Amino acid sequence: MMEKMTFCETCRKEEPYFLKTVTMKNNLKGEEYEYAGNQAFCSKCYDEVYVAEIEDGNLKALYDAYRQKNGIISLENILEIPQKYNIGKRPLSLLLNWGEMTFSRYYEGDMPTKQYSDTLQKIYNEPEFYMSLLEENKGNLKSLTAYEKSKRATLEILGQLQSSKSKVDEVTDYLLFKCEDITPLALQKALYYVQGLYYAFMGNFLFEEDCEAWVHGPVYRDIYNRYSSYRFDPIEGEKDFDISVFTDAEKAIIDSVVQYFCCYSGKILECFTHSEMPWLKTRGNLPVEAQSNRIISKEMIAEYFTAVKQKYNMLVPDDVENYAKVMFERNV
């Protein structure tokens, strides 16, 4: 392991150093505090040397002693709050009716007043209190998404979140929410394109479930069984949807499929998939109308859509528009 080095004033060059834990005393805001700190010493001449990160650590230890004695929330607790409740630093400040940068300053190490500290400590300790603030002041937030994501995280902490659905179920619900006249056939193709394009952009699959190479294209069997009674009619859409179940990347890719693929009918999307390698290769030499439950392998989907992304120079999800247009021109 490489030794840490610093400049030694006595030796007049960079030298390795060692640390010694000592009891330190310093004044802060007119009062003396005692705390455990570190001193660095040159490993060659044994004189004390200056190391910026050690001095920063000692300053933090002094502030920690002040916080502890005066009942001020610890920096560690402050750092955990945004992660715990899945909310950004600025949105949290707005939620609390503070200046936009107030919480950011505390996050960077500034000392909060006792009043603000007590509020932050209560937020950290009591998710119920944070939830009440979130509901009362959600109008302060500039983004509905920020509210929904934070609410979901808080409900998980409180154990009040409904049993989680699989990702394919969540995407299905979202497609039904966004698309007013989507049929079972179109829904299946949309799910397939979400799965393939998500892999192309993110390098992993959104769904665990496999799809099968049926006569009319790729099919997720459980979703088919759920809506098979609609046959060729549009499925009744969802009246509401909590978008916080998706990350920004997930939503961007799903929305691109909604915009550039779900504008076509199920029959047109069927033509798309019938001209693509994963369905064709999985079907092999089967007769056109032959029933089959052969699984379209994830490896095949990954290979195909990765190649599509490269061929059509897709840098962002909106770039899938070019591929959709080409497929339409080829198949209609």
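The values are calculated or read from the model by the stated rules, or taken from the named source; none is laboratory data. The shown structure was predicted, so the numbers you read here are calculated from the model rather than taken from an experiment. Glycine gets a Cβ as well: all are built from the backbone with ideal geometry, and neighbour counts include every protein chain shown.
Cβ-Cβ contacts under 8 Å between residues 6 or more apart (or on different chains), taken from a first residue in segment 218-229 that is in the same structural domain as residue 266 (by TED's automatic domain parsing) and among the small types (Gly, Ala, Ser) to a second residue that is surrounded by 12 or more Cβ atoms within 10 Å (Cβ to Cβ) and modelled with pLDDT of 90 or more, are listed as 228/184. Scan segment 31-68 residue by residue and report those that are touching a strand residue (DSSP E or B) at 6+ places or on another chain (Cβ under 7 Å) and basic (Lys, Arg). Across segment 31-68, the qualifying residue is only 44. With respect to residue 281, determine if the residue is in the same structural domain as residue 196 (by TED's automatic domain parsing), within 17 Å of residue 212 (Cβ to Cβ), under 26 Å from the mean Cα position of the chain (by Cα) and charged (D, E, K, R). So residue 281 does not fit the description; no. Scanning segment 53-74 for residues that are of a type outside the set (Ser, Thr, Tyr), more than 17 Å from residue 24 (Cβ to Cβ) and without any contact (Cβ under 8 Å) to a residue 24 or more places away in the chain yields a total of 0. Scanning segment 171-205 for residues that are under 22 Å from residue 240 (Cβ atoms) and either outside the structural domain of residue 309 (by TED's automatic domain parsing) or assigned to a loop (DSSP other than H, G, I, E, B) (or both) returns 179, 180, 181, 182, 183. Within segment 304-321, restricting attention to residues that are within 27 Å of the chain's Cα centre (by Cα) and exposed (fewer than 15 other Cβ atoms within 10 Å of the Cβ), which residue is nearest to residue 261 (Cα to Cα)? Here the residue is 318.
For segment 1-28, enumerate the residues that are in a loop (DSSP other than H, G, I, E, B) and either crowded, with 16+ Cβ neighbours inside 10 Å or over 41 Å from the mean Cα position of the chain (by Cα) (or both).
Going through segment 1-28, the residues in a loop (DSSP other than H, G, I, E, B) turn out to be 1-4, 9-12.
The answer is 9, 10, 11, 12.
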